[in-house]
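Okay, so here's the structure we're looking at.
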Protein chains: 2
Amino acid sequence: MSILVVGSVAYDTVETPSGRAERVLGGSASFFAVAASYFAPVNLVGVVGDDFGEKELAAFRGRPIDLAGLERAAGKTFHWQGRYSQDLNSRDTLRTDLNVFEFFQPKIPAAYRRSELVFLGNIDPLLQREVLAQVEKPRVVACDTMNYWIKGKPAELRETLAKVDVLLINDQEARELSGEWNLVKAARAIRAMGPATLVVKKGEHGVLLFGHESCFAAPALPLETVIDPTGAGDTFAGGFIGYLASTRGFDDAEHLKRAMLYGTVTASFTVEDFSTRRVESLNRAELDGRFEDFLDRLSVARGVPAIA
Amino acid sequence: MSILVVGSVAYDTVETPSGRAERVLGGSASFFAVAASYFAPVNLVGVVGDDFGEKELAAFRGRPIDLAGLERAAGKTFHWQGRYSQDLNSRDTLRTDLNVFEFFQPKIPAAYRRSELVFLGNIDPLLQREVLAQVEKPRVVACDTMNYWIKGKPAELRETLAKVDVLLINDQEARELSGEWNLVKAARAIRAMGPATLVVKKGEHGVLLFGHESCFAAPALPLETVIDPTGAGDTFAGGFIGYLASTRGFDDAEHLKRAMLYGTVTASFTVEDFSTRRVESLNRAELDGRFEDFLDRLSVARGVPAIA
């Protein structure tokens, strides 16, 4: 099952305690697409300016990412600049230049109109619906959003969420969207808005999944090397949705649990370097190796095991 | 294997968004002992004042908790009063009356001197060592501490830690003790101080275990009802150490992982009511039932499962 993803493709300038990266590839759709491409073909819809070069496109080349929907507009590419705190747990946005992204009107190429699986990256909920209007009859609609839209366009967002099957947001966003501090209560309120499956990302604290049957929880991998957390959430989404696209297991508890771990493992590579550098250098065997190692650490035997 | 626990037995007055509990049973040794008693016999060493009545002792009665080491001193029992924030994620101490606890000198009854397993609750590290000096040759020494001692008596604490096999502390304490923000690095530094096994408690975000072989991570149970978090960490320690005492699996990775889940599950009951109310009303079948349910939520199948 291929994935149609719509979202931002950007330049990021990032400062972390480990260093600084200047005008490197960023944007939610970039991280998502690279991550998902290890599992399923990706069709990328976004916009870049005429300053966006072959160097940045290289991250997408040589993998199953179709760029027919990556529009090139006159002007400059979206640029975000941020600085992380010493502990990497917070960041300040120093600069946001929307540039060509300000007037982004997603145009879905005819070849993508029959997409079965759509991932609506974190853009205006009105644009998210315009994307859906251009797709014939997707089987699964997955979606991300952020506080900016939760506060700024609550009615538009509600209308979009009514059409969404899988929502991936972080814990603060879940609290703001629902008005509930407790995440179990928040999840019930959000699932009542439309998404049958809610994934709550908690960064270094792991992820919760709320679905039809139950609630699942997974820790993050304890990592010694964290260079740059930018894009970790989008990478998680790419690994999670990509894995499910490859197995078509969106309604299966076991597949959802494996997808949580694949998302977690894929994101664990992203934070080991700036931009998409580390995650684009992977191969599936490396991903599967870390997945199996993670599974070993998590697995608890049934029944009381004998003392070794 | 029975457990010798030394720590505080107290009155707590607690305000949370759910209500207020006045002069109810508190103290680290109380929560630890009740939790551990579902798994193994507990010998409790502590001090209370002459105001401590049969009503509070009732929590310890009818279960394998020996009170021969619970000294009754002239004066009042240790009293702590605190108020939690609306989101339960922080608390203010309104009042600490150490009372008889201020002059606590743990005296280990002769019958306990051959204890194989000692849990040193969060008391002055000098007193923790005086406890060890009164025990002949324990096979396993487990220990808790807090920021107050990490900052206030670092040299004494180091000397104690050199004699400890299993240290259970929270994430902030691990960072302060090691001077490292990254928990993987913090764990390496702390294990070099003595404890072969380090358990880092992260509250609602679960727990990490660092041992000989590897690092294990477990999420907490997502809970809808949280009335009072007081004692959750001590209950975790009681469930964790109690389980290992019952299987003697302190050096076995599979047993350590199960102990993490038993600690988590036992603590999940504590927060559902004030004081030890909920955790003292349990039975082992109820504990095992929630353990199995938790295991179901966590378990991820090996190999790609068929779509249901």
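Nothing in this text is a laboratory measurement; each read-out follows from the coordinates by a stated rule. Since the model is a prediction, treat every value here as computed from it, not as a measurement. In this analysis, Cβ positions are derived from the backbone assuming ideal geometry, glycine residues included, and neighbour counts consider all displayed protein chains.
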Approximate shape of region B:225-308 as ellipsoid semi-axes (Cα gyration tensor, √5λ), whole Å, largest first | 25, 18, 10
Identify the trypsin sites (Lys or Arg not before Pro) of region A:126-161 meeting these criteria: DSSP loop state and at most 13 other C-beta atoms within 10 Å of the C-beta.
-> A:Arg139
note: chain A, Cα-Cα separations exceeding 38 Å make up a percent value of 8 percent
Along Cα→Cβ, 7 Å out, is where each label goes; now give me the distance between the ones at A:Gln172 and A:Asp50 in nm to one decimal.
-> 3.8 nm
Per principal axis, descending, Cα span of region A:142-183 in whole Å | 25, 21, 13
Can you sort B:Ser299, A:Ser268 so the residue with the fewest Cβ neighbours within 10 Å comes first?
-> B:Ser299, A:Ser268
Selection of GluC sites (Glu not before Pro), region A:143-219, meeting DSSP coil and at most 15 other Cβ within 10 Å | A:Glu213
Net charge dipole size for the protein assembly as shown [Lys, Arg +1 and Asp, Glu -1 on Cβ; Debye, nearest 20] | 440 debye
B:Tyr148 to A:Ala189: FRET efficiency via 1/(1 + (r/R0)^6), r the Cβ-Cβ distance, R0 41 Å, to the nearest 0.05?
-> 0.55
Efficiency of FRET between B:Arg284 and A:Ala110 - r from beta-carbon atoms, R0 45 angstrom, step 0.05 = 0.10
Give the chain B residue with the shortest beta-carbon distance to the rotation axis relating chain B to chain A, plus that distance as a whole number of Å.
-> B:His205, 2
Counting other Cβ atoms within 10 Å of each Cβ, which trypsin sites (Lys or Arg not before Pro) in region A:237-298 have at most 12 and sit in a DSSP loop?
-> none
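So what's the net charge close to B:Gln134: Lys and Arg +1, Asp and Glu -1, counting the other residues with Cβ under 14 Å from its Cβ?
Values: positive: B:Lys107, B:Arg113, B:Arg114, B:Arg129, B:Lys137, B:Lys163; negative: B:Glu71, B:Glu130, B:Glu136.
Taking every other residue near B:Gln134 into account, the sum is +3.
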P(r) for region A:172-231: what percent of alpha-carbon pairs falls in each 10 Å bin, starting at zero?
-> 21, 48, 23, 8
Per residue Cα convex hull volume for region B:17-125, in cubic angstrom?
-> 139 Å³
Could you work out how far the C-alpha centroid of region B:1-43 sits from that of region B:74-103, in angstrom?
-> 14 Å
Over all Cα pairs of region B:120-191, how is the pair count split among 5 Å bins, expressed in % and running from 0 up to the last occupied bin?
-> 3, 17, 30, 26, 14, 7, 2, 0
Could you work out the mean projected area of the convex hull around the alpha carbons of region A:59-195, in square nanometres to one decimal?
-> 10.5 nm²
How far is B:Ala306 from the same spot in each other copy, in nm, shortest first, if each label point sits 7 Å from Cα toward Cβ?
-> 3.3
Amide H contacts of A:Ile3 (H built 1.01 Å from N, under 5 Å, at least 5 apart or other chain) = A:Val42, A:Asn43
What are the label-to-label distances in nm, one decimal and shortest first, from A:Arg72 to the same spot in the other copies, with labels 7 Å along Cα to Cβ?
-> 8.8
Take every Cα-Cα pair in the protein assembly as shown and report what % of them are more than 31 Å apart.
-> 53 percent
Cross-link reach from B:Lys202 to lysines, straight Cα distance under 28 Å and at least 8 residues apart if same chain, gives A:Lys185, A:Lys201, A:Lys202, A:Lys257, B:Lys151, B:Lys153, B:Lys163, B:Lys185, B:Lys257
11 Å reach of a label modelled at B:Leu126, 7 Å along Cα-to-Cβ, counting backbone N of region B:1-41 | none
222 nm [θ] for the protein assembly as shown, helices only, -39500 (n - 2.57) per DSSP H run of 4+, per residue, to 500?
-> -10000 deg cm²/dmol
Percent antiparallel among DSSP beta bridges (both partners in region A:90-212, rounded to 5) = 25 percent
Find every distance from the label point of B:Gly289 to the corresponding label point in the other copies (7 Å from Cα along Cα→Cβ) and write them in nm, one decimal, shortest first.
-> 4.6
Is region A:179-271 best put as rounded, prolate or oblate by its Cα gyration tensor, with a ≥ b ≥ c the root eigenvalues, rounded for a/c under 1.5, and otherwise prolate when a/b is larger than b/c, oblate when not?
-> oblate
